Amino acid sequence: MLSRPRRNRKSPGIRHLVRETSLSPGDLIYPLFLHDGPEDIPIPSMPGCHRWSLEGLVREVARASAVGIEAFVLFPAIAPFLKTKGAEEAWHEDGLVPRAIRLLKAGFPEAVIITDVALDPYNSDGHDGLVGPCGRILNDETVEVLVRQALCHANAGADVVAPSDMMDGRVAAIRRALDRERFTDVSILSYTAKYASAFYGPFRGALDSAPKSGDKKTYQMDPANVREALREAALDEAEGADMLMVKPAGPYLDVIRQIADHSNLPVAAYQVSGEYLMIKSAAAAGWLDEQAVVLESLLGIRRAGADMILTYFAKDIAPILGR
Ligand code: PBG
């Protein structure tokens with residue numbers, strides 16, 4: 001036999017030499033939930049995750065930094081009485097997110113602090129955009145408000161703003177406003193291909209942010225489409241995005257691959273709450289080996305073409321990467 005592929009698998013050293021895909025803590029972004037209260041509250045819909053107090057958030061970032069995690073994305077749980085039809089709390093200079101950014105940048109100047117730009121945590125309607133008559137999501141009015149939210153985060157010291165709302169034209173509007181206000185170094189990580197997915201269920205439970213009526217299908221993408229994702233990618237690139245994101249990750253590996261092949265921008269993928277929960281619950285039942293399955297799923301996402309991965313497993317998996 002001329003070809004025996006098994007020769008390249010015969011020992012750990014050989015396998016390391018021929019390995020095509022790498023995974024290290026520097027590839028990971030750790031999503032963190034926070035709330036305005038004194039305690040760290042476990043999230044029932046996402047075992048192992050918490051709504052952190054500001055002090056708890058600082059401690060969790062310290063623990064994650066110690067195992068090599070360098071990037072964090074913040075998701076606030078906003079008190080019900082602060083949620084309004086106009087989502088004004090989203091750009092309150094002394095709101096929960098700006099306070100968290102200032103604390104983290106003071107304690108961890110080297111950490112990359114990313115914020116989610118969308119209205120769902122702040123909006124009494126629970127939608128990412130403003131809701132008009134007959135339940136219509138108002139695109140251009142929403143973009144104006146997202147610009148204020150992005151400027152508020154930049155002003156507090158965010159390194160990267162990540163619009164996750166899927167409104168048309170928001171990347172260009174945010175880039176223009178950031179530059180006008182001299183935030184030329186603040187990056188935009190655009191949720192380019194964000195699908196209307198059932199895998200976000202546990203996240204909405206964590207933040208109490210499910211839409212009060214209707215669904216998100218008039219702005220988030222149809223899971224059946226991939227050419228539409230390439231169109232979104234081309235627009236975001238032309239509008240000045242620095243990085244493109246695909247979300248969810250596991251069920252959309254083909255979308256990650258296609259965007260990575262079509263764009264020269266770095267590609268991020270979000271392993272979302274439902275993907276996290278499927279692994280967690282199967283492991284808790286003793287049906288799957290959590291660590292092995294997490295590694296394999298993250299490697300699959302990297303192999304599909306993602307440069308970076310947002311994952312709730314970031315802190316737990318980091319210590320065993322690179323071995
Ligand atoms: C909302 C937002 C969502 C997630 C991140 N940002 C939920 C949604 O669009 O309804 C989901 C993340 C996850 O499920 O882990 N702007």
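Assorted remarks:
- 17 Å tail of the calculated P(r), the range 1-97, as % of Cα pairs: 66 percent
- Between the range 236-274 and the range 21-45, the alpha-carbon center distance in angstrom: 20 Å
- Per-selection Kirkwood Rh - the range 208-308 (Cα, Å, 1 d.p.): 15.0 Å
- Cα pair distances of the chain binned at 10 Å [whole percent]: 6, 26, 36, 23, 6, 2, 1, 0
- Distant-in-sequence amide contacts of Leu130, defined by a placed amide H-H separation under 5 Å and a gap of 5 or more residues or a different chain, comprise Leu138, Thr142.
- Phi-derived couplings, Karplus 6.51 cos²θ - 1.76 cosθ + 1.60 at θ = phi - 60°, listed residue by residue for the range 155-169: 4, 7, x, 4, 7, 9, 10, 10, x, 10, 8, 6, 6, 6, x Hz, with x used for Gly and Pro.
- Taking θ as phi - 60° and the Karplus parameters 6.51, -1.76 and 1.60, the scalar couplings of the range 257-271 work out to 4, 5, 5, 4, 6, 8, 10, 9, 7, x, 10, 10, 10, 10, 7 Hz in sequence order, x denoting glycine and proline.
- Cα centre as origin, Lys/Arg/Asp/Glu Cβ charges: the range 1-86 dipole, Debye: 960 debye
- Under 5 Å between amide hydrogens, built in the peptide plane, is the criterion, and for Ala87 it picks out Ser124 among residues at least 5 positions away or on other chains.
- Nearest-ten-degree value, helix 96-107 long axis tilted from longest Cα axis of the chain: 50 degrees
- For the range 56-126 versus the range 306-320, the gap between their alpha-carbon centres in whole angstrom: 19 Å
- A simple packing score, the average count of other Cβ atoms within 10 Å per residue, orders the peptides 75-82, 145-152, 296-303, 253-260 as 145-152, 253-260, 296-303, 75-82, with the highest score first.
- Lysine pair count for the range 22-321 [Cα-Cα under 22 Å; pairs on different chains or 8 or more apart]: 15
- Under a 5 Å amide H cut-off, with hydrogens placed 1.01 Å from N, Ala269 pairs with Val246, Met308, Ile309, Leu310 among residues at least 5 apart or on other chains.
- A simple rule links phi to the HN-Hα coupling: the Karplus curve 6.51 cos²θ - 1.76 cosθ + 1.60 with θ = phi - 60°, which for the range 41-54 gives 10, x, 9, x, 7, 9, x, x, 9, 10, 8, 7, 6, 4 Hz, with x for Gly and Pro.
- When Met308, Met245 are arranged by Cβ crowding within 10 Å, least crowded first, meaning fewest neighbours, the order is Met308, Met245.
Bear in mind these aren't lab numbers, they're just calculated from the coordinates by the rules spelled out. All of these numbers come straight from a predicted model, not from anything done at the bench. Using ideal geometry, Cβ is built from the backbone for each residue, glycine included, and neighbour counts are taken over all protein chains shown.
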